Amino acid sequence: MANKESDKRTPSTIEKFLLHLHPQRIDVRAIKFTRTFGLGGISALLFVILCLTGLLLRFSYVPTVADAYDSILALENKSIFGKFIRSLHYLSAVSMIIISFLHLIRVYYSQSIFKKRAENWIYGLIMMLMVFAASFTGYLLPWDQLAYWAVTVITQIIEYIPLIGHSFANTVRGGTEVNGNTLLNFYSLHTGILPILFIVLMGIHFWLVRKAGGVALPQQEEKVKVKVFPNLVWKEVMTTAIVVAVLFVLAAVITAPLLEQANPHNSPNPSKAPWYFLGAQELLLHLHPVFSAVIIPLAAGIYFFALPYFRYTNLNIGVWFNSNKGKRVVVQSATLSFVFTFILIYLLEHFLHFDIWLSGWHSWLSTGLIPFILYVAPVTGALLYWRKKHMAQVTELFMAITTIILSSYICMMLVSLLLRGEGMLLIF
Ligand code: HEM
């Protein structure tokens, strides 16, 4: 009776706003923390923090080659809380990459990307690419050695794309090398175009979650529904408070990196891409650019966008890893591909000198196709093994392929980040 009374009460303005995001009542399983780990919501929160701190940074930042670096120094040394705001922005950006990637992993492995959620997966992937783009464009703005050479490395990788590579890289840079035009291009993208696009896409993304009836849940006859106020909203408030508190503490003890001012005539050794692109830089060290900069990224991109649309045989929407067998396959493929990629990197660096052994061959064969086959053949063997020996279904095999791609990329990224020193040589 008391509940009915409170249902009839007119919602406050805040409640009305929140009701655009949430329905009035929600399946009790949807608000269990381990269903979503709050990762989508935390990504949205980080976006808000990034916009607020970014707006504050704009008061003192000057996007010109002559003044950018000095304006950052002035912000850090002369503005009250300048260093703190810059570190908060930096840490939120790093967290945004990690958290939205974990959110991608969550929706994928909890089988929440199929049928009516397929479209949202596509918007999500576009947003993931935009997270990288936003982070990358922000990377250049301090105009220090780290920024200048990281952007130089990445735009040089873009040049490897046949036919359009050079003109695309020149458009991104606003010239043949990283200069004042690049800074201005990146500044416009970082502070204007990308945030606006984000707001639009996030709106569509949230609306599609509601249109699909909320987060994906396993089939169940009896559904227990609870009111969004206070059950879900309370959890959201708590999560917000915890995330903000953690970021504030971290920003007080960790300072965003700043090396000496950019010097186009003195490249640091090694020159590394931003950490999230290091997997791509690592790949380029081992495989011919036709494979590492074109075929593999293109194939992986098409694969991820097509993921919800393959012909699956045994979908279990909302069920983590689809089945127990799925869980086993994912754990095995993650371990196998991580270890195998690591070993292959080591062998290609120290023992497998295909460029010398097959010196008469076209380089895209000797340093492209051959090492590529060396990777793909055992992976295909593992997939056949799971199919034959464990009777893995199409859904589980696709999960294995996705896991192999992600795990190999993470392995390459970590090797490049932690184990490469001068001349980009392995340090062991
Ligand atoms: C970058 C900013 C992003 C924000 C702010 C965001 C936000 C959200 C929120 C709040 C939800 C509701 C439930 C939850 O918290 O999981 C959600 C669901 C979803 N998101 Fe995202 N998301 C982002 C990126 C992505 C990415 C990178 C992908 C995948 C490529 C993705 C795919 C999905 C899908 C498929 C759902 C529906 C899941 C379900 O029904 O269980 N999102 N997102």
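The values are calculated or read from the model by the stated rules, or taken from the named source; none is laboratory data. Keep in mind that what you see is a predicted model, and the values were worked out from it rather than measured. Cβ coordinates were reconstructed from backbone atoms using ideal geometry, including for glycine residues, and neighbour counts include every protein chain displayed. Each accessible area value is taken on the protein alone, full model and side chains, heavy atoms only, with ligands, DNA and RNA left out. Shrake-Rupley method; radii C 1.70, N 1.55, O 1.52, S 1.80 Å.
At-a-glance table
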{"item": "Subset of region 270-297 (residues that are part of a loop (DSSP other than H, G, I, E, B) and either of a type in the set (A, V, I, L, M, F, W, C) or over 23 Å from Leu140 (Cβ atoms) (or both))", "result": "Ala273, Leu287, His288"}
{"item": "Enumerated helices (runs of 4 or more DSSP H) restricted to region 156-261, each holding at least 1 residues that are more than 16 Å from the ligand (Cβ to nearest atom), at pLDDT 95 or above and over 28 Å from Val65 (Cβ atoms)", "result": "228-253"}
{"item": "Given (1) touching a Lys or Arg at 6+ places or on another chain (Cβ under 8 Å); (2) open to solvent by less than 10 Å² (accessible area, probe 1.4 Å); (3) of a type in the set (S, T, N, Q), index of the condition Asn181 fails", "result": "(2)"}
{"item": "Total residues in region 109-119, condition open to solvent by less than 20 Å² (accessible area, probe 1.4 Å) and near the ligand (Cβ under 6 Å from one of its atoms)", "result": "2"}
{"item": "Per-region count, region 120-134, residues of a type in the set (Gly, Ala, Ser) and either within 6 Å of the ligand (Cβ to nearest atom) or touching a Phe, Trp or Tyr at 6+ places or on another chain (Cβ under 7 Å) (or both)", "result": "1"}
{"item": "Helices (runs of 4 or more DSSP H) within region 333-428 that include 2 or more residues open to solvent by 30 Å² or more (accessible area, probe 1.4 Å) and hydroxyl-bearing (Ser, Thr, Tyr)", "result": "370-389"}
{"item": "Residue that is farthest from the ligand (Cβ to nearest atom) [pool: residues in region 39-91 that are open to solvent by 40 Å² or more (accessible area, probe 1.4 Å) and under 20 Å from the mean Cα position of the chain (by Cα)]", "result": "Tyr90"}
{"item": "Among (1) surrounded by 12 or more Cβ atoms within 10 Å (Cβ to Cβ); (2) closer than 30 Å to Arg420 by Cα; (3) away from the ligand (no atom under 16 Å from the Cβ), the one test that Asn266 misses", "result": "(1)"}
{"item": "Test for Phe17: is it assigned to a helix (DSSP H, G or I), within 13 Å of the ligand (Cβ to nearest atom) and within 23 Å of Ile196 (Cα to Cα)", "result": "no"}
{"item": "Filter result for Leu347 (without any contact (Cβ under 8 Å) to a residue 60 or more places away in the chain and touching a Leu at 6+ places or on another chain (Cβ under 9 Å))", "result": "yes"}
